[in-house]
Amino acid sequence: SQQGEEDPQALSIQEGENATMNCSYKTSINNLQWYRQNSGRGLVHLILIRSNEREKHSGRLRVTLDTSKKSSSLLITASRAADTASYFCAVDNAGGTSYGKLTFGQGTILTVHP
Amino acid sequence: DVKVTQSSRYLVKRTGEKVFLECVQDMDHENMFWYRQDPGLGLRLIYFSYDVKMKEKGDIPEGYSVSREKKERFSLILESASTNQTSMYLCASSFIETQYFGPGTRLLVL
């Protein structure tokens, strides 16, 4: 089945550094979304990028999408200790009626050291 | 703000028990989803519903059923709990694209 797969599985950086996480998927998509999860909590939506968009910004977040390579990246600039969390990409398959159904990847665990 | 609530944060049940997990959203969303999350496996979709009394199987529906009698409420039922259903269960709702998640229920089946 369609699946977003994140890379790396874990990332450890110092406060102030940039963090880059990558996501690959297999088939055509309507959109790709990034979510964040603090330990033991629910997921929170961060940003959505549509299949006809190449780049999107939101605050310190920058998302790119390359549909030819079926990949996306999430860049967090000037990271803070509070950014420590798991980050998931999720894809909304193209075609048919998806009802907003998403397929999530396994996530990247980001640790930002003060 | 969208609010999605789940009936319990932590739950301990015995093998063979019938377990009900409830999810309520307050934004009149059409779509609701149940996932389970396990280490190394990410989120896997169990069932989803796109309208009252409508439901569709997700990727791992075996051993589960759902009920949506009212638009705001989506229940996940474990007919006969087994130890391999020990997991974190997450509910979400959406209008079109973005999903809003509840805080999760951590279920332990002994």
Checklist entry - Looking at segment B:95-103, is at least one residue under 13 Å from the mean Cα position of the chain (by Cα) and within 16 Å of B:TYR10 (Cα to Cα)? => result yes
Next on the checklist: Against the definition (open to solvent by 20 Å² or more (accessible area, probe 1.4 Å), closer than 27 Å to A:GLN33 by Cβ and modelled with pLDDT of 95 or more), how does B:TYR47 come out, yes or no?
Outcome noted: yes
Checklist entry - Tell me, which residue of segment A:61-74 that is without any contact (Cβ under 8 Å) to a residue 40 or more places away in the chain and open to solvent by less than 60 Å² (accessible area, probe 1.4 Å) is nearest to the chain's Cα centre (by Cα)? => result A:VAL63
Next on the checklist: Going residue by residue through segment A:31-39, is there one that turns out to be within 14 Å of chain B (Cβ to nearest Cβ), touching a Lys or Arg at 6+ places or on another chain (Cβ under 7 Å), polar (S, T, N, Q) and surrounded by 12 or more Cβ atoms within 10 Å (Cβ to Cβ)?
Outcome noted: yes
Checklist outcome for this item: Filter segment B:67-107 for residues that are away from chain A (no Cβ under 14 Å) and under 27 Å from A:CYS89 (Cα atoms); the one that is surrounded by the fewest Cβ atoms within 10 Å (Cβ to Cβ) is B:ASN84
Item to check | A:ASN18 being over 19 Å from A:ILE76 (Cβ atoms) and in contact (Cβ under 8 Å) with a residue 24 or more places away in the chain | outcome: no
Item to check | The lone exception for A:GLU53 - which of (1) under 30 Å from B:ARG106 (Cβ atoms); (2) open to solvent by less than 60 Å² (accessible area, probe 1.4 Å); (3) within 14 Å of another protein chain (Cβ to nearest Cβ); (4) charged (D, E, K, R) it fails | outcome: (1)
Checklist outcome for this item: Of the residues in segment B:7-59, those that are among the basic types (Lys, Arg), under 15 Å from B:GLN85 (Cα atoms) and not in a strand (DSSP E or B) come to B:ARG14, B:LYS18
Checklist outcome for this item: Note: among A:GLY100, A:GLY95, just one is surrounded by fewer than 18 Cβ atoms within 10 Å (Cβ to Cβ), over 15 Å from A:SER24 (Cα atoms) and at pLDDT below 95, namely A:GLY95
Item to check | Among the residues listed as A:LEU75, A:LEU46, the single one being closer than 13 Å to B:GLN99 by Cβ, at pLDDT 95 or above and touching a strand residue (DSSP E or B) at 6+ places or on another chain (Cβ under 7 Å) | outcome: A:LEU46
Checklist entry - Inside segment B:30-44, can you point out the residues that are within 7 Å of another protein chain (Cβ to nearest Cβ), in contact with a strand residue (DSSP E or B) (Cβ under 7 Å, 6 or more places away or on another chain) and surrounded by fewer than 16 Cβ atoms within 10 Å (Cβ to Cβ)? => result none
Checklist outcome for this item: By residue number, the members of segment A:67-92 that are in contact with a Ser or Thr (Cβ under 7 Å, 6 or more places away or on another chain) and over 16 Å from A:ALA10 (Cα atoms) are A:THR67, A:LYS70, A:SER71, A:SER72, A:ALA90, A:VAL91, A:ASP92
Next on the checklist: Regarding segment B:54-61, can at least one residue be identified that is over 24 Å from A:SER39 (Cα atoms), open to solvent by less than 10 Å² (accessible area, probe 1.4 Å), among the small types (Gly, Ala, Ser) and in contact with a Phe, Trp or Tyr (Cβ under 7 Å, 6 or more places away or on another chain)?
Outcome noted: no
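The values are calculated or read from the model by the stated rules, or taken from the named source; none is laboratory data. Everything numeric in this text was worked out from a predicted model, so none of it was measured. Positions of Cβ are generated from backbone atoms using ideal geometry, with glycine treated the same way; all protein chains shown enter the neighbour counts. Note: areas computed on protein heavy atoms with side chains; ligands, DNA, RNA excluded. Shrake-Rupley method; radii C 1.70, N 1.55, O 1.52, S 1.80 Å.
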